[in-house]
1. Would you pick out the residues in the range 102-114 that are surrounded by 11 or more Cβ atoms within 10 Å (Cβ to Cβ) and small (Gly, Ala, Ser)?
2. Going through the range 66-86 one residue at a time, which ones are within 23 Å of Lys132 (Cβ to Cβ) and either in contact with a strand residue (DSSP E or B) (Cβ under 8 Å, 6 or more places away or on another chain) or touching a residue at least 40 places away in the same chain (Cβ under 8 Å) (or both)?
3. Specify the residue that is surrounded by the fewest Cβ atoms within 10 Å (Cβ to Cβ); the eligible residues are those in the range 115-152 that are in contact with a strand residue (DSSP E or B) (Cβ under 6 Å, 6 or more places away or on another chain) and modelled with pLDDT under 90.
4. Only residues that are free of Cβ contacts under 8 Å to residues at least 12 places away in the same chain and part of a strand (DSSP E or B): list them for the range 15-56, please.
5. Taking the range 23-37, which residues are loosely packed, with under 13 Cβ neighbours inside 10 Å and either in contact with a strand residue (DSSP E or B) (Cβ under 9 Å, 6 or more places away or on another chain) or more than 21 Å from Ile64 (Cβ to Cβ) (or both)?
6. Of all residues being surrounded by 14 or more Cβ atoms within 10 Å (Cβ to Cβ) and not in a strand (DSSP E or B) in the range 57-68, which is nearest to the chain's Cα centre (by Cα)? Just the residue, please.
Amino acid sequence: MSAEQIFTRAPLGALIRYSDGKPRPPARFTKKLASWQRNNGIGRLVRKEPGRAGGSGHDIPASITLHEGDYSSAGVILVVMHRTYSVTGELKFEIADLPRPGMVRVVQIFGDTTELLHLAENMEAAELWLGKNPYSLARFEVVGEEIPPGSDQIAVAA
């Protein structure tokens, strides 16, 4: 799938795998391996940013943002790793997993953009998470059996 297909079809909270299609180099080639790792990985879809008109006649294409992990020390998260990909990019994407019905998304809305803050197993876990991580504009969305646009063509990778 392309990033544009992920943008239009995958729901927030989906686990997305991305790749440039090249084989993984041996570990002894550290620079090549680091380059490969930048273009091949997995992350949770946390934001879909619609395209918009930029200054001087330059349009900004739509994009998707994946949460790739948190780096912590002594139980405190120091760095949150997000990567944003333009829908015009060359990488290939696939849906590795979808949120299960009954899970709860903790989201925050900014204009036309909804950002996933946390994906909880149930409402109790979502309320507990929000109590420990206060966001003034956060709201809950229960994942249901809803079918996103074009999802009849979505195949979850095995």
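1. Matches in the range 102-114: Gly102 only.
2. Once the filter is applied, which keeps residues that are within 23 Å of Lys132 (Cβ to Cβ) and either in contact with a strand residue (DSSP E or B) (Cβ under 8 Å, 6 or more places away or on another chain) or touching a residue at least 40 places away in the same chain (Cβ under 8 Å) (or both), the range 66-86 yields His67, Glu68, Gly69, Asp70, Tyr71, Ser72, Ile77, Leu78, Val79, Val80, Met81, His82.
3. Leu137
4. Arg52, Ala53
5. Matches in the range 23-37: Pro23, Arg24, Pro26, Ala27, Arg28, Phe29, Thr30, Lys31, Ala34.
6. It comes out as Ala62.
The values are calculated or read from the model by the stated rules, or taken from the named source; none is laboratory data. Remember, predicted model here, so these are calculated numbers, not experimental data. So basically every Cβ, Gly included, is an ideal-geometry build from the backbone, and we count neighbours across all protein chains shown.
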